């Protein structure tokens, strides 16, 4: 099989033209603009004329409460940021470890592979909220000396356990996507299996899975809100407090916007990396 | 003592027996070419010598030591045997220099400066010196394959296995790779070469082995195999090669 670079199926056109539907630039931009205006115009008319709209507007979109709650909630968002930054470091390591354990060959390692499979099956299957409850309330109740009691700590532990299961599957897909001839080439030079993985297989696999990995991290970023259920006052918890104080749901809307703003950079980075990789693969 | 010796080697993949009792010896500094149709077992034979595939029966001796004995350190055996693959199999995430120095540095623990000096020396010999910092995808197929050969040579092997190293190349790039192999042969490298380049095999080999259905059907000096083959199957195979304009 010729491994020379082939003119593979090229992505035609740039992205903006694809969003706009392709074709002649000027005319299709106009059509897209008119269509968008009409679509959202109709949507707005329906919502604004709904019988309950004045009620909704008062209790979800109150300008003063919005400004006030944004001021109070934004600092608490830093708690979420700290949680996911700490969690991500451990997830990257634990996820890779689980994926590597699962790839160990031979009958001797059957129990190890079995444990790795059981781990991913379990933690992908259990709702994240339950894991957070079990660790946040369960472990501190055991009252073992030396074991931290902080809900912040156990919240992160729960997120690390759940997301490592997802991320290990991403890594595994990456490792399996590297052609066996790469490992054969490394082994043929006298490298041990461990060194072949470390220098040849894993570096290539990781490069390949960066976009799906970041995608999982977007999920993680917003799931930090679930940790609020065991106590720590982060952005979502703070918004609940604001809602209770004002008898008004606007703080929820504010928090939603904050979370979206927080995840958008990661989403754009993921898109950019994916596009770059597609260009490189050719 | 032979550099490599295969005794009654058998290898199956599932139900399919690919090698059905191979006896073969390559003498020190010898060049043996394996010819035969695709699927005749040439690649599998080479991969077995390098312990990339485990054999089912028989013995393989390299430099007089049985490498197929139980509890042999396969990594240690492979250090002394270079193999070059049809599809080059360079590491795409590493520069040419890093491709070559990886194994000397990680396996032989050669200090970085020394490993790089040796690599540059080899690259220079094969006209690749200015490619040291390029990634493999920037190189032509012929250049990639020459780098793959250099990568294997950097481990200073006593034996080189070449597995159809020109089969993936554009015709105009075949020559540069064959020249490298000629140079190795002139330097006394022991080589076991699976190839479809009959003209080349005839020129370079001390002995040619015709593989058919997992056995060596016929072997001998190139003149004998190519001009006066004894077996009907060999004649048939060579006839088809001639008809395809490859000899």
| request: Just need the relative contact order of the range A:107-207 here, percent rounded to a whole number, with Cα pairs under 8 Å and 6+ apart. | output: 26
| Proxy reagent accessibility, fewest Cβ within 10 Å first, across A:262, A:83 | A:262, A:83
| said: Beyond 27 Å, how much of the Cα-Cα pair distribution for the range A:63-281 remains, as a whole percent? | reply: 45
| field | Cα gyration tensor of the range B:84-131 - equivalent ellipsoid semi-axes, whole Å, descending | value | 17, 15, 9
| Using Cα atoms only, what is the angle between the long axis of helix B:96-106 and the major principal axis of chain B, expressed in degrees (0 to 90) to the nearest 10? | 90
| said: For the range B:64-193, compute the orientation-averaged projected area of the C-alpha convex hull (one quarter of its surface), in nm². | reply: 8.3
| Burial ranking of peptide ranges B:222-228, A:152-158 (average Cβ count within 10 Å, highest at the top) | A:152-158, B:222-228
| query | So in the protein assembly as shown, what percent of DSSP beta bridges are antiparallel if you round to the nearest 5? | reply | 55
| query | When the scattering of the range B:2-243 is computed by the Debye formula from its Cα atoms alone, each counted once and equally, what is log10 I(q)/I(0) at q = 0.07, 0.11, 0.12, 0.16 Å⁻¹? | reply | -0.23, -0.57, -0.68, -1.18
| note | the protein assembly as shown: spread of alpha-carbon positions along the three principal axes, whole Å, largest first, is 100, 71, 49
| query | Mind checking the alpha-carbon convex hull of the range A:127-169 and giving the volume per residue in Å³? | reply | 63
| remark: With 0.36 nm assigned to each residue of separation and the Cα-Cα distance removed, residue B:38 to residue B:133 gains 30.6 nm
| Two-site label geometry, residue B:7 and residue A:247: point separation in nm, points 7 Å out along Cα→Cβ | 9.7
| query | With axes computed from alpha carbons, what is the tilt in degrees of helix B:112-125 against the longest principal axis of chain B, rounded to the nearest 10 within 0 to 90? | reply | 60
| field | Beta bridges by DSSP in the range B:2-243, antiparallel share as percent, to the nearest 5 | value | 55
| request: Specify the angular offset, from 0 to 90 degrees and rounded to the nearest 10, of the alpha carbon long axis of helix B:141-153 from the longest principal axis of the alpha carbons in chain B. | output: 80
| request: Find the eigenvalues of the gyration tensor of the Cα atoms of the range B:1-130, then list the square roots of 5 times those eigenvalues as equivalent ellipsoid semi-axes, largest first, in whole angstrom. | output: 31, 17, 15
| Rounded Å value of the spacing that divides the Cα centres of the range B:213-247 and the range B:49-117 | 32
| Residues B:149, A:218, B:193 arranged by fewest to most Cβ contacts within 10 Å | A:218, B:149, B:193
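Only the coordinates and a few stated rules stand behind these numbers; no lab work does. On a predicted model such as this, the values are computed, not experimentally measured, just so you know. Cβ coordinates were reconstructed from backbone atoms using ideal geometry, including for glycine residues, and neighbour counts include every protein chain displayed.
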